Amino acid sequence: MATVVVVGAQWGDEGKGKVIDLLAARADMVVRAQGGNNAGHTVVADGRTYKLHLVPSGILYPAVDCVIGAGVVVDPAALLLELQELEASGVSLAKLQIARAAHVTMPYHRVLDLAEERRRGKAAIGTTGRGIGPTYTDKVNRSGIRLLDLLNAARFRARLADILPLKNAILTQVYGESPLDEAAIVQEYLAYGQRLSPFLCDVAPRVAEAADAGRAVLCEGAQGTMLDLDAGTYPFVTSSYPVAAGACLGTGLGPTSVDRVLGVAKAYTTRVGAGPFPTELHDADGDKLRREGAEFGTTTGRARRCGWLDTVVLRHAVRVNGLDSLAVTKLDVLDHFSTLKICVAYRLRGERLLEMPDSADDLAACEPEYEEWPGWNCPTAGVRRREDLPAAAQAYLARIETLVGRPIVMVGVGPEREATMVEECPLRGARRRLAAF
């Protein structure tokens with residue numbers, strides 16, 4: 001079996017939750033690597049819809065170890081609510097493990113996030129307001145609080161007493177917000193620590209042991225490549241590393257432990273929040289994509305921006321993630337379009353670009369160069385083999401493979417588990433070996 005990293009190949013919301021849930025049936029362990037409760041995965045199983053925010057998508061399989069890695073930032077209140085809802089739905093939490101070293105989203109992080117977005121005004125990034133960015137800022141600034149701190153009352157009080165005065169000064173003097181009460185935070189968060197303590201452990205050695213033993217390990221990424229701090233459309237990005245390398249950082253695995261990287265992409269493109277989006281549609285086709293694809297955020301409920309498939313973005317994702325293959329989701333959303341478009345290149349000030357510019361300003365100035373392809377104008381939701389798809393749908397997928405240079409090994413034609421064609425399971429096969437010197 002293999003260690004596989006699953007990443008978003010666009011701006012997030014590609015359907016990674018469904019892909020991971022499907023692969024988890026053959027996995028021994030699923031590990032969430034980064035992000036916080038700003039992300040959301042929707043999984044439809046046995047007629048029920050589960051909206052997951054922090055818990056790995058493998059949680060619906062009771063025999064699978066589900067791990068929240070140290071690269072994830074955890075809002076304890078949000079996590080406990082999610083666990084409560086899962087238990088109420090009959091989902092077992094017996095195999096859930098949470099990294100003691102994961103950083104905690106504190107009340108001041110959420111207030112600072114919202115206040116900073118207001119300060120930016122028209123230049124706002126479009127964050128979820130969940131406090132994720134400020135949590136990662138404190139992590140990098142070495143002033144963060146970790147879950148393990150919530151297990152030691154004296155240490156937590158000392159950490160908070162050092163941090164909170166500065167946060168309150170910023171809140172009151174810079175943003176005009178009310179100060180936060182230290183005693184109330186201590187009481188609330190120590191209680192969270194007690195409730196979460198049964199799940200907390202040092203997860204990194206357990207993940208490494210599973211990978212070294214050849215067990216099937218899935219590393220689950222949140223968000224998508226184009227929201228990565230370095231590889232994405234900075235500053236309109238998230239605050240972590242959603243690319244494949246981030247899976248190693250967030251789980252504790254070394255890069256040579258990874259056997260394959262699977263990129264997940266919609267059959268079209270969406271984006272939430274501000275920032276450049278070359279193939280965005282502001283017409284009836286964009287509205288139709290949004291309506292047919294139910295393009296509203298799992299976490300925020302915000303309407304997603306919709307556009308045609310952008311293979312410049314996908315080639316970028318192939319390069320920065322080292323993608324071996326692609327899973328294409330929501331092909332069925334295109335069932336009733338007479339004509340489809342695929343962006344194959346950009347035009348920027350008279351120059352033809354096959355690669356992403358490294359500036360968000362330049363990307364915003366890019367005009368997409370399209371190929372037009374015929375639609376298939378018939379339903380695909382009941383199709384279970386790629387060769388049974390309409391000829392036009394097969395041609396559309398084949399063209400994507402040619403433009404991107406990677407095979408499509410999974411195709412989704414609906415939200416349900418069974419509405420997926422699997423040509424090759426990424427978890428099967430021998431581990432990559434380093435060539436002998």
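The values are calculated or read from the model by the stated rules, or taken from the named source; none is laboratory data. No experiment lies behind these values; they were computed from the predicted model shown. Heads up, the Cβs are rebuilt from the backbone with ideal geometry, glycines too, and the neighbour counts pull from every protein chain shown. When the accessible area is computed, the model is the full protein with side chains, heavy atoms only, and any ligands, DNA or RNA have been set aside. Shrake-Rupley method; radii C 1.70, N 1.55, O 1.52, S 1.80 Å.
Each residue of region 395-403 was assigned a 3J(HN,Hα) from its phi angle through the Karplus expression (A = 6.51, B = -1.76, C = 1.60, θ = phi - 60°), giving 5, 4, 5, 5, 5, 4, 4, 5, 5 Hz with x at Gly and Pro. Around the amide H of residue 345, modelled in the peptide plane, lie the amide H atoms of 369, all under 5 Å away and 5 or more residues distant in sequence or on another chain.
One chain, two ends: residue 288 and residue 81. Fully extended at 0.36 nm per residue, the span grows by 71.1 nm beyond their Cα-Cα distance.
Sort 170-179, 417-426 by packing, meaning the average of other beta carbons within 10 Å per residue, with the highest value first. Before the final figure, lay out the partial values.
Values: 170-179: 13.0, 417-426: 17.3.
My ranking of the peptides, most packed first, is 417-426, 170-179.
Distant-in-sequence amide contacts of residue 266, defined by a placed amide H-H separation under 5 Å and a gap of 5 or more residues or a different chain, comprise 329.
Couplings for region 42-53, taken from phi via the Karplus curve 6.51 cos²θ - 1.76 cosθ + 1.60 with θ = phi - 60°, read 9, 10, 10, 9, 6, x, 10, 10, 10, 10, 9, 10 Hz in order; Gly and Pro are left as x. Each residue of region 347-362 is assigned a 3J(HN,Hα), and the resulting list reads 10, 10, 6, x, 9, 8, 10, 9, 10, 5, x, 8, 10, 4, 5, 5 Hz, derived from the Karplus form 6.51 cos²θ - 1.76 cosθ + 1.60 (θ = phi - 60°), x at Gly and Pro.
Seen from residue 375, the other residues with C-beta closer than 14 Å to its C-beta sum to a net charge of -3, counting Lys and Arg as +1 and Asp and Glu as -1. Accessible area per residue for the chain, computed on protein heavy atoms with a 1.4 Å probe, is 41 Å².
Within region 381-423, name every residue whose backbone N is under 17 Å away from a label modeled 7 Å from Cα of residue 338 along the Cβ vector. So the set is empty, nothing qualifies. Counting protein heavy atoms only, region 56-188 has 52 percent of its accessible area on carbon and sulfur, 1.4 angstrom probe.
Mean residue ellipticity, 222 nm, helices only, the chain: the sum of -39500 (n - 2.57) across DSSP H runs of n ≥ 4, divided by residue count and rounded to 500, is -10000 deg cm²/dmol.
Of the residues 250, 414, 301, the one that moves most in a GNM of the chain with alpha-carbon contacts below 10 Å is 301.
Could you work out the local net charge near residue 305, counting Lys and Arg as +1, Asp and Glu as -1, over the other residues with Cβ closer than 10 Å to its Cβ?
+2
Applying 1/(1 + (r/R0)^6) with r as the Cβ-Cβ distance of residue 197 and residue 349 and R0 = 56 angstrom yields a FRET efficiency of 0.45.
Under the classification rounded if a/c is under 1.5, otherwise prolate if a/b is larger than b/c and oblate if not, where does region 7-72 fall, given a ≥ b ≥ c as square roots of the Cα gyration tensor eigenvalues? Walk me through the numbers before you get to the answer.
Numbers: a/c = 1.56, a/b = 1.14, b/c = 1.37.
Since a/c reaches 1.5 but b/c is at least a/b, the shape of region 7-72 is classed as oblate.
About its Cα centre, the dipole of region 225-351 is roughly 160 debye, where the only charges are +1 on Lys and Arg Cβ and -1 on Asp and Glu Cβ.
Pull out a ≥ b ≥ c, the square roots of the eigenvalues of the alpha-carbon gyration tensor of region 120-208, then state rounded if a/c is under 1.5, prolate if not and a/b is larger than b/c, and oblate in the remaining case. Don't skip to the answer; put the middle values down first.
Working: a/c = 2.26, a/b = 1.39, b/c = 1.63.
Here region 120-208 falls in the oblate category.
Amide H contacts of residue 35: 73, 241, each under 5 Å away and 5 or more positions distant or on a separate chain (H built 1.01 Å from N in the peptide plane; Pro and chain starts excluded). Per-peptide packing, taken as the mean over residues of other Cβ atoms within 10 Å, places 14-23, 217-226, 122-131 in the sequence 217-226, 14-23, 122-131 from highest down. Sorting the segments 180-188, 5-13 by their mean number of nearby beta carbons within 10 angstrom, highest to lowest, gives 5-13, 180-188. Accessible surface of region 279-437, 1.4 Å probe: 49 percent of it comes from carbon and sulfur atoms. For region 58-97, the residues whose backbone nitrogen is under 18 Å from a point 7 Å from the Cα of residue 151, taken along Cα to Cβ, are 66-77, 80, 94-97. For the chain, the number of Lys pairs with C-alpha atoms closer than 20 Å, counting only pairs eight or more positions apart or on separate chains, is 17.
Quick check: residue separation of residue 92 and residue 364 times 0.36 nm, minus the Cα distance between them. What number comes out in nm?
Working: separation 272, 0.36 × 272 = 97.92 nm, distance 4.58 nm.
Value of the extension gain: 93.3 nm.
At a Förster radius of 22 Å, what calculated FRET efficiency corresponds to the Cβ-Cβ distance of residue 46 and residue 296, to the nearest 0.05?
My answer for the efficiency is 0.45.
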